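Down below is the structure, laid out as structure tokens.
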Amino acid sequence: MHTKKSLGQNFLIDPNIQRKIVDLLDLSLSDTVMEIGPGRGALTSHLVGRVGSLILIELDDDLVCDLQTRWGGRPDVDVRHQDFLDVDLTKITEDLTQLIVLGNIPYNITAPIIFKLLERPRPKDIFLMVQREVADRLVAPAGVTEYGALSVGVRSIAQVNIEFRVPRTAFRPMPRVDSSVVRIKPIQPPPLSVEEEISLRNVTRAVFQWRRKQIQKTLRDHSDLSFPGEFLNNIIRETGWDLKRRPETFNPEEFVRLSKLVQKRLDETSCV
Ligand code: SAM
């Protein structure tokens, strides 16, 4: 069958790896699972009948027809012909915080998919096959080249683990890169308020744009931040940090603390 490169169609053909991925989910008949991009059903066929409710979201017209034919008649399977990025997750199930998400997802939209899944409220657990390099960025410790806004943004609100690597030979057509299965488990309740998360995003975006500069320079001079010296002194007093450090040396916990201080300051200085 013809594959559509534009939809990131690299089908997982190794049955052992298919099983190994689905086993990670530790499923029971009370679970609701959403699969992103089920394709030809490589993972789906291991899910059907093992969960209480299965929602399949596939964009490709032909593949949706096949999925409908195979499983559309079952009351526990809901096949949806949709772009995942347009799905209103709050309407997908009664309690999103109980949803388990699985996807061997198209590589070209990995980051938008992850960020969408991490909007609030968040699913209970997320298992994704991603390009190996993206997985490495997600788990990278502070100080290494792969560490950046993605590492901080995701790890400040979720636990991330690389479950295992998957070689390119497990797919058809064979991609040019290897993959990893990652588990992203959102921390419940969320450790940051909605406002603090926005501050975190603004701060990390700015400081990693200028990742070679001392963090104090970016906090002071970047047009999205422009914090006065008095606030920087306050941060030093509260945390004991050396603000001459580069942003890449700050770990996610330190960014969480920084965003809380930033938000506190914004609350104190905003007009009522
Ligand atoms: N799950 C199958 C497997 O493991 O063999 C297919 C994986 S393939 C890497 C990605 C799948 O996502 C394809 O079936 C593709 O048509 C589908 N897809 C691509 N973009 C999508 C989108 N925006 N929303 C939903 N599905 C999409």
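Laboratory data are not the source of any read-out in this text; all were calculated from the coordinates shown. None of the values given here were measured: they were computed from a predicted structure. No Cβ is skipped: glycine too gets one built from the backbone with ideal geometry, and neighbour counts run over all protein chains shown.
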Checklist line | Output for the stretch 178-225, where each listed residue is under 26 Å from ARG132 (Cβ atoms) and hydroxyl-bearing (Ser, Thr, Tyr) | finding: SER179, SER180, THR204
Margin query: I'm trying to understand the selection: among the residues of the stretch 1-36, which are more than 12 Å from the ligand (Cβ to nearest atom), among the acidic types (Asp, Glu) and in contact with a Ser or Thr (Cβ under 9 Å, 6 or more places away or on another chain)?
Written below: ASP31
Next item on the list: Could you list, in sequence order, all residues of the stretch 171-187 that are over 20 Å from GLY41 (Cβ atoms) and in a strand (DSSP E or B)?
Entry: SER180, VAL182, ARG183, ILE184, LYS185, PRO186
Next item on the list: Scan the stretch 66-114 residue by residue and report those that are basic (Lys, Arg) and either away from the ligand (no atom under 13 Å from the Cβ) or part of a loop (DSSP other than H, G, I, E, B) (or both).
Entry: ARG70, ARG74, LYS91
Next item on the list: Considering only the stretch 127-157, state which residues are hydroxyl-bearing (Ser, Thr, Tyr) and not in a loop (DSSP other than H, G, I, E, B).
Entry: SER151
Next item on the list: Identify, by number, the condition in (1) under 18 Å from GLY8 (Cβ atoms); (2) within 14 Å of the ligand (Cβ to nearest atom); (3) surrounded by fewer than 20 Cβ atoms within 10 Å (Cβ to Cβ) that GLU133 doesn't meet.
Entry: (2)
Notebook entry, point to check: Within the set of pairs 6+ apart or on separate chains, which have a first residue in the stretch 115-132 that is more than 17 Å from ASN104 (Cβ to Cβ), a second that is basic (Lys, Arg) and away from the ligand (no atom under 16 Å from the Cβ), and C-beta atoms under 8 Å apart?
Noted result: LYS124/LYS185
Next item on the list: Being within 15 Å of the ligand (Cβ to nearest atom) and either part of a loop (DSSP other than H, G, I, E, B) or hydrophobic (A, V, I, L, M, F, W, C) (or both) is the filter; apply it to the stretch 115-125 and report the residue that is surrounded by the fewest Cβ atoms within 10 Å (Cβ to Cβ).
Entry: PHE115
